[in-house]
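Undergrad: Below is one structure. I have some questions about it.
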Amino acid sequence: MGGACSRKRVQLDNEDNFPSGSSRRYSKSASSKWLATSFSRPACEQRGNQRCPSLLELCIQNIREDIDRYSTFSMLPRDISQQIFNELVYSQRLTDISFESFRDCALQDLHLGECPGVNDSWMDVISSQGISLLSVDLSGSDVTDSGLIDLEDCTNLQSLNFNYCDQISDLGLDQISGFSNLTSLSFRRNNSITEQGMSALGSLVNLVKLDLERCPGIGGGLVHLKGLTKLESLNIKWCNCITDADMKHLSGLTNLKELQISCSKVTDVGISYLKGLCKLNLLNLEGCPVTAACLETLSALSSLLYLNLNRCHLSDDGCEGFSKLGKLKVLNLGFNDITDACLVHLKGLQCLKCLVLSDTEVGSSGLRHLSGLTGLTHLDLFGARITDTGTNYLRNFKSLQSLEICGGGLTDAGIRNIKDLSSLLLLNLSQNCNLTDKSLELISGLTGLVSLNVSNSRITRAGLQHLKPLKTLKSLTLESCKVTANDIKKLQSTDLPQLVSYRPE
């Protein structure tokens, strides 16, 4: 399989694919669109369909354009200075010179992730915020261990983010070991932190969230987390150094709610140490060499709602353990050697909302075992062996919002069985080379669709007329079809005003 659905083949390269999300290496020249969800931009009044900026917003925008005229904002109320700072970061107008204007402004949040040029010389202005400073994000910066010394007067810090800060090592960890008010700490993708450096974390007794994703040197260092009894979220994904012995040190962290240990060396033995974590509701074991034998331990986790077993060593043997996980809402079983026999044991998962069976040996007849899971909102059958017959069992899945069937076994006849799933927002039918324009006609009644993929099929330019009723469609993928970019552009201009992403392009 290839083309538009190749994402499934490189799923392990997605750093945050469970439950959902996105993450990447911070780049000093990259876009800062991610900041849009981090900062609240000034509110605006609405008059009809026109945007009416507030007086404060207009003032801040003017300051942004003439930032070189201002030497200090320390005389302004803190909330105003904070909004000006946020606007400069959002618009990528903040420089080392303009940053000097915020000295002694008593700011609470300095989110400088992805800002170009951030290094140790910026730390003096950061430290001038003193006890007012609560949150600092220096992701992707060139700040070093020495720069962190300047933070010593910011004793009220609650959140620190040093993702992708390549020049911070064990010495840097030692510099922050005195911040007893810290509740959140993140050091993603750091090759310099070692088992010895982890000892500095033992004094951060108020930590609630700790992120050490892609830190390959921390193996053996989890022993220093034993006293962090307030910890609720621990991310050690992609740390191949983590073994069963490390799991033993987590057994007493009874407040843990989220644990991500994907792509580690943890086996069924290591999972057995988690039996007492009764508050755990999310467990990500993707890529770990665990088998269905771990289900015995997982059945003791009474709060477990989200379970990722993608790319593990599961087979049908032992899958009867799934019947004891009755509270699960999300289950990912993709890329395992399971067949229809495994699905028999999913009947009791009445709370299940999301089920991923991509690239398994599950076939059409197996879907009959899912017939009672009518509350499903997401079903991923990418690469499974589903034919037209199998789609008969999907007719009653009226709550489905997302459906992916990309195995090559469907024809137009199979599409008849899903044409009435009116709640669908995303429909991926790519790689089914026998689908024709008739399929587009059949799904033309799914007027709530936001995303549609029918790549590698026999769709032609003539079939595009059937998409005209899909006024909410934002993404359309028809690669390797008899359709050109100009054909789609024409449809966009005349009938699909919401369409913002399409292929071919």
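Undergrad: Any chance you could count the Lys pairs in the range 141-267 whose alpha carbons are under 19 Å apart, treating pairs 8 or more apart or on different chains as valid?
TA: Going through the range 141-267 pair by pair, I get 14.
Undergrad: Given Cα pairs under 8 Å that are at least 6 residues apart, what percent is the relative contact order of the chain?
TA: Working: 1244 pairs, mean separation 30.7, N = 505.
Relative contact order of the chain: 6 percent.
Undergrad: Which whole-Hz couplings ³J(HN,Hα) result when phi for each residue of the range 200-213 is put into the Karplus expression 6.51 cos²θ - 1.76 cosθ + 1.60, θ = phi - 60°, listed in order with x for Gly and Pro?
TA: Karplus-based 3J(HN,Hα) across the range 200-213 equals 5, 6, x, 8, 8, 6, 9, 4, 10, 10, 9, 10, 10, 4 Hz.
Undergrad: Which residue, chosen from LEU185, GLY172, LEU376, occupies the Cα position most advanced towards the positive end of the dipole of the chain, where the dipole is computed from +1 (Lys, Arg) and -1 (Asp, Glu) charges on Cβ about the Cα centre?
TA: Looking along the dipole axis, the top candidate is LEU376.
Undergrad: Right, another one. Amide H of ASP104: which non-local residues (sequence gap of 5 or more, or other chain) have their own amide H closer than 5 Å, using H built in the peptide plane?
TA: Under 5 Å from the amide H of ASP104: SER128, GLN129.
Undergrad: Any idea what the dipole of the chain comes to, in debye rounded to 20, about its Cα centre with Lys/Arg Cβ at +1 and Asp/Glu Cβ at -1? The partial results should precede the final answer.
TA: Working: 49 positive and 54 negative charges, 460 e Å.
Magnitude of the dipole: close to 2200 debye.
Undergrad: Right, next: If amide hydrogens are placed 1.01 Å from N in the peptide plane, which non-local residues have theirs closer than 5 Å to the one on SER315?
TA: Residues meeting the amide H criterion: ALA292.
Undergrad: Using alpha carbons only, how many angstrom separate the centre of the range 241-285 from the centre of the range 97-161?
TA: Between the Cα centre of the range 241-285 and that of the range 97-161, the gap is 34 Å.
Undergrad: Mind grabbing the base-10 log of I(q)/I(0) for the range 248-383 at q = 0.16, 0.18 Å⁻¹? Debye formula, identical points on the C-alpha positions, no solvent, two decimal places.
TA: Listed by q, the Debye log ratios stand at -0.75, -0.95.
Undergrad: Right, something else. Taking 0.36 nm per residue of separation and subtracting the Cα-Cα distance, what length does fully extending SER177 through THR484 add? Let's see the in-between values first.
TA: Details: separation 307, 0.36 × 307 = 110.52 nm, distance 5.85 nm.
Stretched out fully, the SER177 to THR484 stretch lengthens by 104.7 nm.
Undergrad: Express in nm, to one decimal, how much length is gained between THR72 and ASP124 on full extension, taking 0.36 nm for each residue of separation and deducting their alpha carbon distance.
TA: Values: separation 52, 0.36 × 52 = 18.72 nm, distance 1.49 nm.
Here the answer is 17.2 nm.
Undergrad: Looking at VAL266, GLN196, VAL125, which one has the Cα that reaches farthest to the positive end of the dipole of the chain (charges on Cβ: Lys, Arg +1; Asp, Glu -1)?
TA: Going by the charge dipole, the pick is VAL266.
Undergrad: Would you kindly state how much longer the chain becomes between SER146 and LYS471 on full extension, computed as 0.36 nm times their sequence separation minus their alpha carbon distance, in nm to one decimal? Each step should come with its number before you reach the end.
TA: Numbers: separation 325, 0.36 × 325 = 117.00 nm, distance 5.57 nm.
111.4 nm is the gain from fully extending SER146 to LYS471.
Undergrad: Here's something else I'd like to know. What does the C-alpha gyration tensor say about the overall shape of the chain? Classify as rounded when a/c is under 1.5, otherwise prolate if a/b is larger than b/c, or oblate. Please report the intermediate quantities before stating the final value.
TA: Details: a/c = 2.47, a/b = 1.29, b/c = 1.92.
Oblate, since a/c reaches 1.5 and b/c is not below a/b.
Undergrad: For every helix of n ≥ 4 consecutive DSSP H residues, a contribution of -39,500 (n - 2.57) applies; sum these over the chain, divide by its total residues, and give [θ] at 222 nm rounded to the nearest 500 deg cm²/dmol. Spell out each step's value before the answer.
TA: Details: 13 runs with 80 residues, N = 505.
Theoretical 222 nm ellipticity from helices: -3500 deg cm²/dmol.
Undergrad: Explain nothing, just compute: Karplus ³J(HN,Hα) = 6.51 cos²θ - 1.76 cosθ + 1.60, θ = phi - 60°, for every residue of the range 254-260 in order, whole Hz, x for Gly and Pro.
TA: Values per residue, Gly and Pro as x: 6, 8, 4, 10, 10, 9, 10 Hz.
Undergrad: Checking the a/c ratio against 1.5 first, then a/b against b/c, what shape does the Cα gyration tensor give for the range 129-202?
TA: Working: a/c = 1.67, a/b = 1.35, b/c = 1.23.
Prolate, because a/c is 1.5 or more and a/b exceeds b/c.
Undergrad: Specify whether the C-alpha gyration tensor of the range 363-460 places it in the rounded, prolate or oblate class, a ≥ b ≥ c being the square roots of the eigenvalues: rounded for a/c under 1.5, otherwise prolate if a/b is larger than b/c and oblate if not.
TA: Working: a/c = 1.68, a/b = 1.19, b/c = 1.42.
Oblate, because a/c is 1.5 or more while a/b does not exceed b/c.
Undergrad: I want to check the label-to-label distance for GLU65 and ASP337. Put each point 7 Å from Cα in the C-beta direction and report it in nm to one decimal.
TA: 6.6 nm
Where a number appears in this text, it was derived from the coordinates with a stated rule and is not lab data. All values reported here derive from a predicted model rather than from experimental measurement. Quick reminder, even Gly has a Cβ in these numbers, built from the backbone with ideal geometry, and neighbours come from all protein chains shown.
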